[in-house]
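Data first, discussion second: the structure below is written as structure tokens.
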Amino acid sequence: MAERVAAQTSVPACTASPTGNEAGSGVVAVPSRRRVQVAALASLAGAGLAACQAPVPRASPAEAGLPARRAMAAGGDWLDAVRIAHRAVDAAFEQLLSAGEPAQRGRLRTALADLVTLHAVQEESVLYPALAMAGLKAEPQQLYADHAQIKVLLAELDVLPKDQPAWPIRVQNLRTLFLRHAREEETTIYPAFRAALSPEQNALVTARYRAEGEKFAPRS
């Protein structure tokens, strides 16, 4: 479950230093399911490497896009809320790409990861199962795979030293993957799904999507 954005965390220091393919670059391609599973295992190892880095405070509510979180959790129609979420994540990418100082990059990466986590939980808990139950089997499988790859790449960014020239290249590649994923959802998959729903069914999907987001929305 996603942690509160304002919570302060630290990690124990250790002597190991990050190694691996952090200097690599290139265009991101959607992997096969087997490659996603292997990459997910690699991300677990990467999480251990991340614990060896110097402690970085969690992002402030402003950096994490607190108003966007509230909008996603309390939006109207579920598809409108999805579009708000996509715009919020893309804005977080823009902030991350504009950051030049390593500590700031670390904080903004965490803010981006928090937004992605909230949005992914809502889609994976409500929308993707609804698509599958509506008979659209292939679409949710691919969307789940996209989310897995996005999460792995976010974990790799946590391990990659924030002052390396490869940093903005990796961020831009990840942003390209996310925008392609979002565009497919917004222009093809979700509009067709919503058009097939009755008003009552659409209201039910909206209520469940909102309720899932409310689990993570900050309380004022």
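The values are calculated or read from the model by the stated rules, or taken from the named source; none is laboratory data. From a predicted model like this one, the values you see are computed outputs, not experimental measurements. Ideal geometry is used to build each Cβ from the backbone, glycine not excepted, and the neighbour counts take in all protein chains shown. The accessibility values were calculated without ligands, DNA or RNA, using every heavy atom of the protein model including side chains. Shrake-Rupley method; radii C 1.70, N 1.55, O 1.52, S 1.80 Å.
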Calculate, in nm to one decimal, what A195 and A138 gain on full extension: separation in residues at 0.36 nm each, minus their alpha carbon distance.
-> 18.7 nm
Using only Cα positions of region 133-220, each an equal point scatterer, no hydration layer, compute I(q)/I(0) via Debye at q = 0.15, 0.22, 0.26 Å⁻¹ and quote the log10 values to two decimals.
-> -0.80, -1.14, -1.24
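Considering only protein heavy atoms, with the full assembly of protein chains and a 1.4 angstrom probe, order K162, K215 by accessible area, largest first.
Order by accessible area, largest first: K215, K162.
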Distance between region 153-220 and region 82-125 - C-alpha centres, whole angstrom = 10
Estimated FRET transfer efficiency (A203, T176; beta-carbon r; R0 35 Å; 0.05) | 0.50
Qualifying aspartates and glutamates (Cα of each under 17 Å from Cα of K151; at least 8 residues distant if same chain) = E3, E22, D90, D114, E123, E124
Report the accessible area of I169, computed with a 1.4 Å probe over the heavy atoms of all protein chains in place, in Å² rounded to the nearest 10.
-> 80
Give a residue-ordered list of calculated ³J(HN,Hα) values for region 97-112 (Karplus: 6.51 cos²θ - 1.76 cosθ + 1.60, θ = phi - 60°; whole Hz; x for Gly, Pro).
-> 5, 7, 7, x, 8, x, 5, 5, 4, x, 5, 6, 5, 5, 4, 4
Over region 115-220, with every protein chain in place, what whole percent of the accessible area is carbon and sulfur at 1.4 Å, could you tell me?
-> 58
